[in-house]
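Worksheet: one structure, shown below.
The values are calculated or read from the model by the stated rules, or taken from the named source; none is laboratory data. Quick caveat: nothing in here was measured; it's all calculated off a predicted structure. Cβ sites come from the backbone with ideal geometry, for glycine too, and all protein chains shown count toward neighbours. Only protein heavy atoms, including side chains, enter the accessible area calculation; ligands, DNA and RNA are left aside. Shrake-Rupley method; radii C 1.70, N 1.55, O 1.52, S 1.80 Å.
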Amino acid sequence: MDDQGRPLRHRWQEALILLAVAADAVFMALVADGDPWRLAQAVGIAVVGSLLLARHRHWRWLLPLLILLNAVVASLSILIIATYCFATRSSSRLMTVLVGLLAVAVTVVPPYPDLLPERTGQAIALVFFLVASTVAIGMYTQTRRQLMAQLRRRAEEAEQGRAEAQDQARRAERTRIAREMHDIVAHKISLVALQAGALEVNPNLEREQVVESVGLIRQTATTALSELREVLGVLRSEDEGAPLAPQPTWDDVRELVVTSQSAGISIELFDFIDDPVPDQMARTAYRVVQEGLTNIHKHARHTKARVALIGEPGTDLVIEVSNVLPVGFTTDLPGARMGLSGIETRVLHAGGTIASGPTDDGRFEVKAVIPWPATA
């Protein structure tokens, strides 16, 4: 780039224009043979040609003016350059054609004493062909420039759109990973806290019971660490499409209730599902049951709870996780309702509905209804 911000290619264009004008002026001076009029033409070519350097800002009026002045200096270089530059800049085809006709007129109208009458028609035809070719090339160049600029603009917009789409995908993936981590950590750690709390409040347990409880705590913590490690592995992986682990199945939904029962929660399971549950639906159901049990572990572990699973293909899969509302019970385990928000997003994405809150019979219930497509 030069000091005016124009690229190096433009400086070479300016140099070539000056070289062409200078060559035209020198040729006119050489053929002048002492003729004052020819010498004045050579000087005029140099002066008028130098004005071409100002064509970038003032081309609309400067280039037609230079074509008019060329009627006096009669420079072929100035005629071609001025006509071509106007054709490459003007957005009006009519104005371009008019300037081309002006170039033809100012070239053939002035009388030339040495031009033979029988050659006048040939000279006019030659000038017309030369100017028409220059205008056509200039218009083609302008069209090509506009097309290239449009293609560059579209490419930039497409690149920007791709970058925005990738950024949105990354944000969505981070949100999904955060929900997976919450589901894993909240449920497993609440189990660990519950099991450790049972040991704390029962110091007189038999050794076998203590060993069993400690083993369960170790197993739960190990499972949580393993699952969390797999989720974090996705963050370190270059493959953003890698599936998040774990990917639970329908059997894992039932296993959640068994695990909570082993941790000392009084839970009844009402399982009325006899048909195979699709994996995607099973994963959604797993997260709903997991979040419901996690909240019970945190806030209502001394109450009775139940999990009901009802549905068949062609109807709805109904998932109910409820517990008796505790009276005067508090917990030191934190809760930010992120889990309920997360499973709400999952259920809505599956085309279902979810509701949570106290019921008329004194329970707190999380109920999700997910459409179950009929099997083919």
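Values for this structure:
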read-out: Heavy atoms of residue 27 accessible to a 1.4 Å probe, total area in Å² rounded to 10; value: 120
read-out: Using θ = phi - 60° and Karplus 6.51 cos²θ - 1.76 cosθ + 1.60, couplings along the stretch 74-88 (whole Hz; Gly, Pro as x); value: 6, 9, 5, 5, 5, 4, 5, 5, 5, 5, 4, 5, 5, 5, 7
read-out: Accessible surface ranking that places the most exposed of 72, 324 first, with a 1.4 angstrom probe; value: 72, 324
read-out: Karplus-derived 3J(HN,Hα), 6.51/-1.76/1.60, for each residue of the stretch 296-313, Hz, glycine and proline x; value: 5, 4, 6, 10, 8, 6, 9, 9, 8, 9, 8, 10, 10, 10, 9, x, 7, x
read-out: Built amide H within the under 5 Å cut-off of residue 363, gap 5+; value: 325
read-out: For residue 85, net neighbour charge (Lys/Arg +1, Asp/Glu -1) across residues whose Cβ lies under 14 Å away; value: +4
